[in-house]
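The values are calculated or read from the model by the stated rules, or taken from the named source; none is laboratory data. Not measured: the values here are computed from a predicted model. A quick note on method: Cβ atoms are made from the backbone with ideal geometry, for glycine too, and the neighbour counts reach across all protein chains shown.
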Amino acid sequence: MKDYQQFLDRLTQVGNLRRLPDITQHGVYVHSQEGTMVNCSSNDYLGLAHDTTLRRDFLTWAMNQPLPLSSSSSRLLTGNSPYTEELEQLLQQSFGREAALVFNSGYHANTGILSALADKHTLIIADKLAHASIIDGLKLSNAAFRRYRHQDYIHLDNLLEKEASQYDQVIIATESIFSMDGDVTDLRQLIDLKKRYSNVLLYVDEAHAIGVRGPHGLGIAEEMNCIADIDLLVGTFGKALASMGAYVLCSKTLRDYLVNTARSLIFSTALPPFQTAWTSFVFRRLPEMQDRRNTLAAHSNILSQTLTGHGGELSTSHIIPWIVGTNEDCISVARQLRRRGFYCLPVRPPTVPQGTSRIRFSLTADIPQESLVSLAQLIQEEIHS
Ligand SMILES: *Cc1c(COP(=O)(O)O)cnc(C)c1O
């Protein structure tokens, strides 16, 4: 039998044992044994998860709706709901695409869709830094699999040139904003590339961009004006949308195909109507949230400028890694920032490459500007200490 305790002991020895943190959240603040801190590690990018007015408005409306807190089965049995269908219609119309399909989470979407689309005559080529759920999706499929160096489209082009003709279809999979580096993918370049082949599909995960970027908050694809050219456009509701679940926008044919084949959709109880109704409620308000998007962009600028020349050059978004270098330095700087009131977490190998241990700032629009200015000052002190 495998010695699980020994496994855990080894993790403890090298300082890599994961624990569920003992924290509570109050708005933009996190309370823990270390004290009260401004949350600089949340995915609640627009600050909606703790918006009491928004929640009250929804609950007032919801009181008079037949909104179950469970859907009691898969959507293919009795779990389908008009509220979920309405959300799909809202998505499909807002993005101007043929069809939308809702999943239980981004993890369900990426694992379910990729494993359903890809068979042994398929090649999936993913960005080296693609999210674990994308990697798990292709592991569940029988597809051949390559990775291109992060954001390196010449490398991708070479792979396509060499291999695309040997498969029935090729799927290029990427995120639009990367979770660890916070850099933005040039979607137009990927579209140009894929259009040179008749058998290449483009799969884009906008988990960190939906709500945050684009004139109506529809993501990087909207910002770059290329929604129509992405075969499978995926996003999640658990981050800026302050809800739970995920979506894919695609052709009607692909939607029908996924309803018939995506195992994470077929074999899992559907999201509660209460949840999908809340998602629609928030999604409908995205166009009005430009102020929050502007605030978030201004916050990001302050932090980026502070870190430029000091290991903060990668990001062009609200996710801003500060590359500190060694594990020990990174842990110590993160601890110092927490001690001074900012909830910041170190990210270490194997999540990121050796020697690039970093503090990952994940900014939200509800962080007060004064807090951000103090954080910038603190970082200056750390840099010059
Ligand atoms: C968070 C995230 C997911 C997973 O979405 P959940 O709804 O949290 O399961 C998928 N892809 C990316 C890029 C993410 O950042």
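Kindly list the number of the only condition in (1) hydroxyl-bearing (Ser, Thr, Tyr); (2) without any contact (Cβ under 8 Å) to a residue 40 or more places away in the chain; (3) out of contact with any Ser or Thr (no Cβ under 9 Å at 6 or more places or on another chain) that fails for SER251.
Result: SER251 passes all but (2).
Yes/no matrix, rows are residues, columns are (1) small (Gly, Ala, Ser); (2) within 30 Å of THR84 (Cβ to Cβ):
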position	(1), (2)
PRO287	no, yes
ALA297	yes, no
SER304	yes, no
LEU307	no, no
THR326	no, no
ARG360	no, no
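Take the stretch 348-385 and flag every residue that is assigned to a helix (DSSP H, G or I) and among the small types (Gly, Ala, Ser).
SER371, SER374, ALA376
Residue-by-condition table, conditions (1) free of Cβ contacts under 8 Å to residues at least 12 places away in the same chain; (2) buried (at least 23 other Cβ atoms within 10 Å of the Cβ); (3) over 29 Å from HIS216 (Cβ atoms):
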site: GLN92; (1), (2), (3): no, no, no
site: PHE103; (1), (2), (3): no, yes, no
site: GLY106; (1), (2), (3): no, yes, no
site: THR111; (1), (2), (3): no, yes, no
site: ALA118; (1), (2), (3): no, yes, yes
site: LEU140; (1), (2), (3): no, no, yes
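If you check ILE135 against the conditions, is it among the aliphatic types (A, V, I, L, M), at pLDDT 95 or above, more than 16 Å from the ligand (Cβ to nearest atom) and under 30 Å from SER315 (Cβ atoms)?
Here the answer is no, as ILE135 does not meet what is asked.
Could you look through the stretch 134-167, keep only residues that are of a type in the set (Ser, Thr, Tyr) and out of contact with any Asp or Glu (no Cβ under 8 Å at 6 or more places or on another chain), and pick out the one that is farthest from THR236 (Cα to Cα)?
Going through the qualifying residues, I end up with SER165.
Please specify each residue of the stretch 19-46 satisfying the condition of being within 23 Å of the chain's Cα centre (by Cα) and of a type in the set (A, V, I, L, M).
Selection gives LEU20, ILE23, VAL28, VAL30, VAL38, LEU46.
Enumerate the pairs (first residue in the stretch 40-53 and without any contact (Cβ under 8 Å) to a residue 12 or more places away in the chain and at positive phi; second residue anywhere and acidic (Asp, Glu) and surrounded by fewer than 18 Cβ atoms within 10 Å (Cβ to Cβ)) with beta-carbon separation below 7 Å, excluding pairs fewer than 6 apart on the same chain, so at least 6 apart or on different chains.
Matching pairs, first to second residue: none at all.
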